[in-house]
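A quick write-up on the structure given underneath.
The values are calculated or read from the model by the stated rules, or taken from the named source; none is laboratory data. The shown structure was predicted, so the numbers you read here are calculated from the model rather than taken from an experiment. No Cβ is skipped: glycine too gets one built from the backbone with ideal geometry, and neighbour counts run over all protein chains shown. Accessible surface areas use protein heavy atoms only, side chains included; no ligands, DNA or RNA. Shrake-Rupley method; radii C 1.70, N 1.55, O 1.52, S 1.80 Å.
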Amino acid sequence: MLIVPEREIADLMTREAAFDAVEKVFAAMAARDAYNFPVVREAIGHEDALYGFKGGFDQAGLTLGMKAGGYWPNNLEKRGLINHQSTVFLFDPDTGKAKAMVGGNLLTALRTAAASSVSIKHLAREDAKVIGMIGAGHQATFQLRAALEQRGFEKVIGWNYHPEMLPNIEKVASEAGLPFEAVELDGMGEADVIISITSAFAPSLMADHVAPGTHIACMGTDTKGKQEVESALLAKASVFTDEVAQSITIGEAQHAVAEGLIEVSDVAEVGAVINGTNPGRTSAEQITLFDGTGVGLQDLAVAAAVVDLAVEKGIAIEVDF
Ligand code: NAD
């Protein structure tokens, strides 16, 4: 069995490799070559932790496995560890033998950033110039960095519930040589692409904050009850997602579907756009919205890619297991 420790991931994994892995697996999911297993997530009654498994099988890439982990809210204060902890386990689909164990923390951030970037590549207008960020926490910096590679963006605008956090994304903009402007939510009308990545349970972005032709990637809503954008925005938009089952239960579309504003059949897979079986954006005025809920197959795809890179560079630790 091969081990790729968390400490090695930053030097091994590139945004490009994460993007390719996620784009391929979204395509495989839409072609029904890959599927996710039901997610397990439990409050374990110890350290207030939420622990669970996200797994799946990609028959096209022959990737079988799961990500185990979750959220330990006391880690940072008590132990100086990050609160999100996860590990990916890969298995040989021919034999069931354990194949690899891979640190999953940084990979989670990279695969999440890759998902909104894939949606921008396939759904945003080619001439998009202004990108708007809603959220300025840990994940926002990853989303912005990856998104900037997808179009010739000339300006970053941002709003955050906690404005004191905005320098986090301003820093990413200036590293890319782009001007940054803090705006109110109605200033988001200037954006051609908007990424929302917050832990909110009530909508911030309203339907009338968004201009025609905008692409929005909603990335924060990954649990029942969370919500970042007004349900009416989904009714106005063409809605795409990573996985429809998750989108309508734990994603942003849960609210619009429950309120009867859209039907389940209105939610399409971004993988179908990648495969060319769904036309995606069909006009410059259309609002497109990607509901990125985060699936296990994304984790497996980036973990498999990093194992290949670690083997190539002689960094993978081999153990007799
Ligand atoms: P973080 O704690 O670092 O940042 C949280 C962000 O949410 C901050 O910008 C904060 O100001 C904002 N926020 C907090 N309360 C808010 C409120 N009431 N209204 C509006 N904004 C509010 O967290 P993070 O690591 O950046 O993760 C952000 C979200 O993304 C979380 O909900 C997390 O579960 C989700 N996430 C999703 C995926 C996926 O695949 N879709 C992957 C990783 C994380």
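Descriptive notes on the structure:
- Selection status of G135, open to solvent by 20 Å² or more (accessible area, probe 1.4 Å) and either more than 19 Å from A202 (Cβ to Cβ) or not basic (K, R) (or both): no
- Condition check for T141: near the ligand (Cβ under 9 Å from one of its atoms), open to solvent by 20 Å² or more (accessible area, probe 1.4 Å) and over 25 Å from M29 (Cα atoms): yes
- Taking strands (runs of 3 or more DSSP E) as the structural unit, those lying wholly within the stretch 195-234 and holding at least 1 residues that are in contact with a Leu (Cβ under 9 Å, 6 or more places away or on another chain) and over 24 Å from V39 (Cβ atoms) correspond to 201-205, 215-218.
- For G104, the test of being touching a residue at least 60 places away in the same chain (Cβ under 8 Å) and touching a helix residue (DSSP H, G or I) at 6+ places or on another chain (Cβ under 8 Å) is passed.
- Of all residues in the stretch 65-87, those that are open to solvent by 80 Å² or more (accessible area, probe 1.4 Å) and part of a loop (DSSP other than H, G, I, E, B) total 2.
- For the stretch 238-253, filtered to residues that are open to solvent by less than 20 Å² (accessible area, probe 1.4 Å) and not in a strand (DSSP E or B), the residue that is farthest from the ligand (Cβ to nearest atom) is A253.
- Restricting the stretch 200-221 to residues that are within 16 Å of the ligand (Cβ to nearest atom) and in contact with a Lys or Arg (Cβ under 7 Å, 6 or more places away or on another chain) leaves a set whose member that is least open to solvent (accessible area, probe 1.4 Å) is G220.
- A303 being open to solvent by 10 Å² or more (accessible area, probe 1.4 Å) and either within 16 Å of the ligand (Cβ to nearest atom) or modelled with pLDDT of 95 or more (or both): no
- The stretch 144-186 - residue that is part of a helix (DSSP H, G or I) and of a type in the set (S, T, N, Q) and, of those, nearest to the ligand (Cβ to nearest atom): N168
- Residues of the stretch 288-300 include at least one that is touching a residue at least 40 places away in the same chain (Cβ under 8 Å), more than 15 Å from the ligand (Cβ to nearest atom) and assigned by TED's automatic domain parsing to the domain that holds T221.
- Any chance D242 is modelled with pLDDT under 95 and under 18 Å from the mean Cα position of the chain (by Cα): no
- Residue within the stretch 280-287 that is within 19 Å of D192 (Cα to Cα), open to solvent by less than 10 Å² (accessible area, probe 1.4 Å) and either part of a strand (DSSP E or B) or small (G, A, S) (or both) present: yes
- The listed residues are E16, E23, E8, and the only one of them that is open to solvent by 20 Å² or more (accessible area, probe 1.4 Å) and farther than 20 Å from A115 by Cα turns out to be E8.
- Total residues in the stretch 1-56, condition under 16 Å from V302 (Cα atoms) and in a helix (DSSP H, G or I): 22
- Residues located in the stretch 190-199, provided they are away from the ligand (no atom under 12 Å from the Cβ) and open to solvent by 10 Å² or more (accessible area, probe 1.4 Å): E190, D192
- Just one residue in the set E285, E269 is touching a residue at least 60 places away in the same chain (Cβ under 8 Å), of a type outside the set (A, V, I, L, M, F, W, C) and under 22 Å from L62 (Cβ atoms); that residue is E269.
- Cβ-Cβ under 6 Å pairs, at least 6 apart or on other chains, the stretch 122-145 side closer than 17 Å to E16 by Cα and free of Cβ contacts under 8 Å to residues at least 60 places away in the same chain, far side open to solvent by less than 10 Å² (accessible area, probe 1.4 Å) and within 16 Å of the ligand (Cβ to nearest atom): T141/V172; F142/A109; F142/A113; L144/M133; L144/I169; L144/V172
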